[in-house]
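Enquirer: Handing you a structure now.
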Amino acid sequence: MDTKKTENKRLPRGKRVLDSGLAFRLQDRDREILKLVYAYRFLTTDLIQLLVSGSKDVINRRLQKLFHNNYLDRIKASMYEAFVYALGNKGADELALLLGIDRGEIDWTTKNHEAKVLFMDHTLMISRFRAILTSALKGKQNAK
């Protein structure tokens, strides 16, 4: 009797695996992440964890699934920066349905990877400021 062992292999961080074997169904938290990435343009894992409720591990797993299922793109911004998340084509399709925005003919994956370093750094600087301010104001509202 020949039994094959199925090994728990880690998925690559920077490369999308099209058939990752990850069970996936879009959840409300995923839609919240997609809306945030769309609104901010580029977000790091830390910023997403700051803005979305839930444990870091749960959010990391959702980000992994969103990436491997083409909803988000991961971009290595620099050697000092963690991965940066940007809206993927499937994520843009979902937001077009959810928010009624015009999807247009934009290839988000190409657009994301063609972004220049200075543009990305500037956008991330604004995203950091905005996320910290949003988080602080959210904490102030909860204190009332």
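The values are calculated or read from the model by the stated rules, or taken from the named source; none is laboratory data. Computed from a predicted structure; not experimentally measured. Please note: Cβ atoms are built from the backbone with ideal geometry, for glycine as well, and neighbour counts cover all protein chains shown. What goes into the accessible areas is simple: the full protein's heavy atoms, side chains included, and nothing from ligands, DNA or RNA. Shrake-Rupley method; radii C 1.70, N 1.55, O 1.52, S 1.80 Å.
Enquirer: Could you grab the pairs with beta carbons closer than 8 Å, sequence gap of 6+ or different chains, first residue in region 110-136 and over 20 Å from Leu72 (Cβ atoms), second one open to solvent by 70 Å² or more (accessible area, probe 1.4 Å) and part of a helix (DSSP H, G or I)?
Expert: Once the first residue is over 20 Å from Leu72 (Cβ atoms) and sits in region 110-136, its partners that are open to solvent by 70 Å² or more (accessible area, probe 1.4 Å) and part of a helix (DSSP H, G or I) give Ile132/Leu50; Ser135/Leu50.
Enquirer: Within region 98-120, take every residue that is within 22 Å of Val84 (Cβ to Cβ), surrounded by 12 or more Cβ atoms within 10 Å (Cβ to Cβ) and over 17 Å from the mean Cα position of the chain (by Cα) and give me the one that is modelled with the lowest pLDDT.
Expert: Ile106
Enquirer: Can I ask one more? Without any contact (Cβ under 8 Å) to a residue 12 or more places away in the chain, open to solvent by 10 Å² or more (accessible area, probe 1.4 Å) and under 12 Å from the mean Cα position of the chain (by Cα): which single residue out of Arg61, Arg41, Arg29 fits that description?
Expert: So the residue among Arg61, Arg41, Arg29 that is without any contact (Cβ under 8 Å) to a residue 12 or more places away in the chain, open to solvent by 10 Å² or more (accessible area, probe 1.4 Å) and under 12 Å from the mean Cα position of the chain (by Cα) is Arg61.
Enquirer: Look at region 82-97 and say how many of its residues are of a type outside the set (Asp, Glu), under 18 Å from Arg29 (Cβ atoms) and open to solvent by less than 70 Å² (accessible area, probe 1.4 Å).
Expert: Number of matching residues: 5.
Enquirer: Out of all the residues in region 129-144, which are among the charged types (D, E, K, R) and modelled with pLDDT under 95?
Expert: Across region 129-144, the qualifying residues are Lys138, Lys140, Lys144.
Enquirer: Val37 passes all but one of (1) in contact with a Lys or Arg (Cβ under 9 Å, 6 or more places away or on another chain); (2) at pLDDT 90 or above; which number fails?
Expert: Condition not satisfied by Val37: (1).
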